[in-house]
Amino acid sequence: MTDAVTLKMTLPKIPDIELVALEGLDRLARHLGIAEEKIGEARIIVTEAVVNALEHSGENNPSVRLEFTMTTNDLSIFVRDYGKGFEPASVEDPDIKAKLHTKNKRGWGLNLMKSMSDDFRIESNRNGTKITIKKLLR
Ligand SMILES: Nc1ncnc2c1ncn2[C@@H]1O[C@H](COP(=O)(O)OP(=O)(O)OP(=O)(O)O)[C@@H](O)[C@H]1O
Ligand SMILES: [Mg+2]
């Protein structure tokens, strides 16, 4: 196993900034020779997590903290925002049939992230939200 590589960044709330996070993820993956299919899933997880964090980030501090640690075996992702937080247990699972007939097609992010992760933890309170994700890469 190669040594772990870590990338930490603070993302400002500006359009398309999640692309910077994805570029960083790709660079780490290329360095370690990670399979494309695993990175494709990791990209989806990171996009959904960062977009949620930016959407809900606080007015006083609209930035989002992001950390990746990658080895040839696994990837840890940590995302933190300084928003008002939420109660994850009270978010309802999306219903695909119901969504077909309504205008609101949203509500898939958390579901997608969980389904593609090997471990998914949310810690949220009125000072913000921290999400810690682990994904196996082989
Ligand atoms: N970081 C966060 N801070 C506060 N609330 C959050 C955060 N992440 C998610 N939520 C809440 O959980 C709900 C579900 O999030 P999820 O990503 O599944 O759906 P969405 O963002 O509403 O839509 P989509 O991701 O499909 O565009 C959000 O609508 C929001 O109320
Ligand atoms: Mg979302």
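Per-structure values
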| quantity | calculated |
| --- | --- |
| Meets criteria (hydroxyl-bearing (S, T, Y), away from ligand 2 (no atom under 16 Å from the Cβ) and out of contact with any Leu (no Cβ under 7 Å at 6 or more places or on another chain)) for T102 | yes |
| Unique match (being among the polar types (S, T, N, Q), surrounded by fewer than 16 Cβ atoms within 10 Å (Cβ to Cβ) and in contact with a strand residue (DSSP E or B) (Cβ under 8 Å, 6 or more places away or on another chain)) among N125, N73, N104 | N73 |
| Unmet criterion (only one of (1) away from ligand 2 (no atom under 16 Å from the Cβ); (2) more than 13 Å from the chain's Cα centre (by Cα); (3) without any contact (Cβ under 8 Å) to a residue 40 or more places away in the chain) for D119 | (2) |
| Of all residues making up the stretch 27-64, the number that are without any contact (Cβ under 8 Å) to a residue 24 or more places away in the chain and either over 19 Å from L112 (Cβ atoms) or in contact with a His (Cβ under 6 Å, 6 or more places away or on another chain) (or both) | 5 |
| Set A89, A42, A49: member being small (G, A, S) and within 15 Å of ligand 2 (Cβ to nearest atom) | A49 |
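Conditions tested, residue by residue: (1) more than 9 Å from ligand 1 (Cβ to nearest atom); (2) at pLDDT below 95.
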residue	(1), (2)
N52	no, no
T69	yes, no
N104	no, yes
W108	no, yes
F120	yes, no
N127	yes, no
L137	yes, no
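The values are calculated or read from the model by the stated rules, or taken from the named source; none is laboratory data. What you see is a predicted model, and the numbers here were worked out from it, not measured in a lab. Every residue, glycine as well, gets a Cβ built from its backbone with ideal geometry; the counts of neighbours run over all protein chains shown.
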